[in-house]
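Heads up, the thing below is written out as C-alpha cells.
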Amino acid sequence: MSERTLAIIKPDAVKKHAIGDILSRYEKAGLKPVAMKLLHMAKPVAEGFYAVHKARPFFDSLCTFMSSGPSVVLVLQGDNAIKKNRELMGATDPAKAEQGTIRAAHGSNIEYNAVHGSDSPDTAQFEIGFFFPGMEIYDGR
C-alpha cells in the first residue's frame with residue numbers, strides 16, 4: 001500500500017554532511033521524495049511541531065536542538081512508507097540501533113539522533129501538513 005510519511009534530516013546530520021547518504025538510503029529502500037526543503041526552524045516552529053511532547057522533560061532541549069541549525073524536511077512516498085522509514089532509521093538511541101540503520105551510522109546519542117520519522121498514519125498526516133501545503137507535494141507519478 002503506497003503511503004506518505006514525513007522525514008527530517010536533523011541539524012546534527014546536516015552538519016556532518018550526511019544529507020546525500022541519508023537520501024540515498026531512502027531511495028534504495030523504495031521511498032521516493034515527493035516534497036523536500038532545507039530550512040532553519042525558529043524555536044517557536046520546533047515547539048509547535050513537537051507540541052505533543054510539551055510535558056516531557058526533554059521538550060525544551062529537543063526544540064533548542066532542532067532550531068540550532070538547518071534541517072532537511074521531506075515527504076517520502078512508497079509502499080508501507082511509515083514502517084519502512086522507521087526500520088531504516090533504527091532505534092531512537094543510536095547506541096541501541098541496529099548496524100546499517102541511519103541512526104547507527106549518523107546519530108551521536110538519544111537526542112542527536114540524525115533523523116525523525118512519523119510513527120503512524122495520523123501523525124504523518126499532521127506532520128506533512130505542518131510543513132507542506134498540498135500544492136508543494138509532487139503527486140508521485
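The values are calculated or read from the model by the stated rules, or taken from the named source; none is laboratory data. Quantities reported herein were computed from a predicted structural model and do not represent experimental measurements. Don't worry about glycine lacking a Cβ; one is built from the backbone with ideal geometry, like all the others, and counts go over all protein chains shown. Accessible surface areas use protein heavy atoms only, side chains included; no ligands, DNA or RNA. Shrake-Rupley method; radii C 1.70, N 1.55, O 1.52, S 1.80 Å.
Here are some notes:
- Nearest-20 debye value, region 1-84 charge dipole, Cβ charges on Lys, Arg, Asp, Glu: 60 debye
- Taking amide H atoms as placed 1.01 Å from N in the peptide plane, the amide H of A91 lies under 5 Å from those of A97, E98, each 5 or more residues away in sequence or on another chain.
- Taking all Cα pairs closer than 8 Å and separated by 6 or more residues, the relative contact order of region 40-116 comes to 21 percent.
- Largest to smallest accessible area among H53, H116 [probe 1.4 Å]: H53, H116
- Across all directions, the shadow cast by the convex hull of region 78-131 built on its C-alpha atoms averages 4.0 square nanometres.
- Assigned charges on the beta-carbon of Lys, Arg, Asp, Glu; region 47-130 dipole about Cα centre (debye): 100 debye
- Note, ³J(HN,Hα) from phi for region 39-53, Karplus 6.51, -1.76, 1.60, rounded to Hz, x at Gly and Pro: 8, 10, 5, 6, 4, x, 5, 4, 5, x, 5, 9, 3, 4, 9
- Distances between placed amide hydrogens fall under 5 Å for S118 paired with L6, all partners being 5 or more residues away or on another chain.
- Computed over protein heavy atoms with a 1.4 Å probe, the carbon and sulfur contribution to the accessible area of the chain reaches 56%.
- Where the chain is the region considered: accessible area per residue in Å², 1.4 Å probe: 52 Å²
- Using a Gaussian network model of the chain in which every pair of alpha carbons under 10 angstrom is joined by a spring, one finds that among A81, A13, A29 the greatest mean-square fluctuation is at A29.
- Judged by the gyration tensor of its Cα atoms, with axes a ≥ b ≥ c, region 15-74 is prolate; a/c meets the 1.5 cut and a/b is the larger of a/b and b/c.
- Listed residues F49, F130, F58, most fluctuating in the chain (Gaussian network, C-alpha, under 10 Å): F58
- Set K10/K37; K10/K43; K37/K96; K32/K83 screened for pairs whose C-alpha atoms are more than 19 Å apart: K37/K96
- Leading residue at positive end of dipole, the chain (Cβ point charges), from N80, N113, A42: N113
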